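The values are calculated or read from the model by the stated rules, or taken from the named source; none is laboratory data. For clarity, every value in this text was computed on a predicted model and none was experimentally measured. Cβ sites come from the backbone with ideal geometry, for glycine too, and all protein chains shown count toward neighbours. With ligands, DNA and RNA removed, areas are computed over all heavy atoms of the protein, side chains included. Shrake-Rupley method; radii C 1.70, N 1.55, O 1.52, S 1.80 Å.
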Amino acid sequence: MNRKLIAGNWKMNGLSADLQTIREIAAGLAVSAAAPEALLCVPATLLAEAARQASGTALRMGGQTCHAQEKGAFTGDISALMLREAGAGFVIAGHSERRSGHGETDAIVAAQARAAVNAGLTPIICVGETLDERLSGATLRVIEGQLAGSLDGLQPGSFVLAYEPLWAIGTGNVATPAQIAEVHAFIRQFLEQRFGQSGQSVRILYGGSLNPANAAEIFPIPNVDGGLIGGASLKAGDFLAIYNTAGALTV
Ligand code: 13P
């Protein structure tokens, strides 16, 4: 069984006053090797200070996107090495909000993920279908296309995947256990076909309206190796409740 990863995505939320939440989360984590790994992907402006305050605890820090190039004339962008230097160990790549809002294609996502790996970061590569795609029966075809295009040049062990159905993000409409089980099994099969046995060790997170009330139903689903949590990760109590649910299922 893969060690679970409970990752928060703070999106464009978080000012210095919210470092208190990070301290509370860091203080509330279990410290055994079997406990889930805990991660917060915070705005780049908070990263260095958040990493400093979380140092010596089990809480890891991550960025939310990075540029595919190492450096250069890309006003407003941030490189993987900058995130790494600021204290990140992970970075989200190809979140649907970046794919749709910033025109990030599968090829761009793959290039960002490779840049992340080259800088010593673990990319969390997101895939997921829209409501229209699900309703028209295209879910697995869409996921397959995103996987095929977003993993170019990557090796198992260097990245994490996240399945985030777009219609479940920020809506309160969580996917059903059957829907999650189907897509995660499909992703696992894809990974095994592509990487052989090592495909089993790639962690696949579920994301989309995960909260303390539904975590106990989601984490035991086969091939669910953790969660990517938006809204509920902004509250220390909610994030820790989700983390503890995952931990209780691990032991
Ligand atoms: P919510 O948990 O707010 O639905 O967000 C999910 C998400 O997009 C995490 O990356």
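Taking amide H positions as modeled 1.01 Å from N, with prolines and chain starts lacking one, the residues under 5 Å from ALA162 and 5 or more places away or on another chain are ILE125, CYS126, VAL127, LEU205.
Against the empirical 2.2 N^0.38 Å (N residues), the stretch 43-147 has a Cα radius of gyration ratio of 1.18.
Starting from a Cα-only point model with no solvent, please compute log10 I(q)/I(0) by Debye for the stretch 136-215 at q = 0.11 1/Å. At q = 0.11 Å⁻¹ the computed log10 ratios are -0.30. Normalised radius of gyration (Cα atoms, divided by 2.2 N^0.38 Å) for the chain: 0.93.
With a cap of 12 neighbouring Cβ atoms within 10 Å, and only residues DSSP puts in a loop, list the chymotrypsin sites (Phe, Trp or Tyr not before Pro) found in the stretch 143-251. Within the stretch 143-251, no chymotrypsin sites (Phe, Trp or Tyr not before Pro) qualify (loop, at most 12 other Cβ atoms within 10 Å). Available extension along the chain between ASN118 and SER55 is 20.4 nm, counting 0.36 nm per residue and deducting the alpha carbon span.
Around the amide H of LEU5, modelled in the peptide plane, lie the amide H atoms of GLU37, GLY226, GLY227, all under 5 Å away and 5 or more residues distant in sequence or on another chain. Could you give the distance between the Cα centres of the stretch 109-186 and the stretch 64-103, to the whole Å? For the stretch 109-186 versus the stretch 64-103, the Cα centre distance is 17 Å.
Could you sort LEU83, LEU234 by accessible area so the largest value comes first, with the probe set to 1.4 Å? Show your work: numbers first, answer last.
Values: LEU83 5, LEU234 65 Å².
Result, largest first: LEU234, LEU83.
Within the full protein context, the accessible area of LEU29 is estimated at about 20 Å² for a probe radius of 1.4 Å. MET61 contributes about 10 Å² of solvent-accessible surface, heavy atoms of the protein only, 1.4 Å probe.
With 10 Å bins beginning at zero, the pair-distance distribution over Cα atoms of the stretch 79-210 amounts to 13, 44, 34, 8, 0 %.
Length gain on complete extension for the stretch LYS235 to HIS102, per 0.36 nm per residue less the alpha carbon to alpha carbon distance? Don't skip to the answer; put the middle values down first.
Numbers: separation 133, 0.36 × 133 = 47.88 nm, distance 2.74 nm.
Gain in length upon complete extension: 45.1 nm.
Computed with a 1.4 Å probe on the full set of protein chains, the accessible area for ASP132 sits at about 120 Å².
Report in % the part of the accessible area of the stretch 69-159 that belongs to carbon and sulfur, leaving out ligands and nucleic acids; probe 1.4 Å. Here carbon and sulfur together make up 50 percent of the probe-accessible area.
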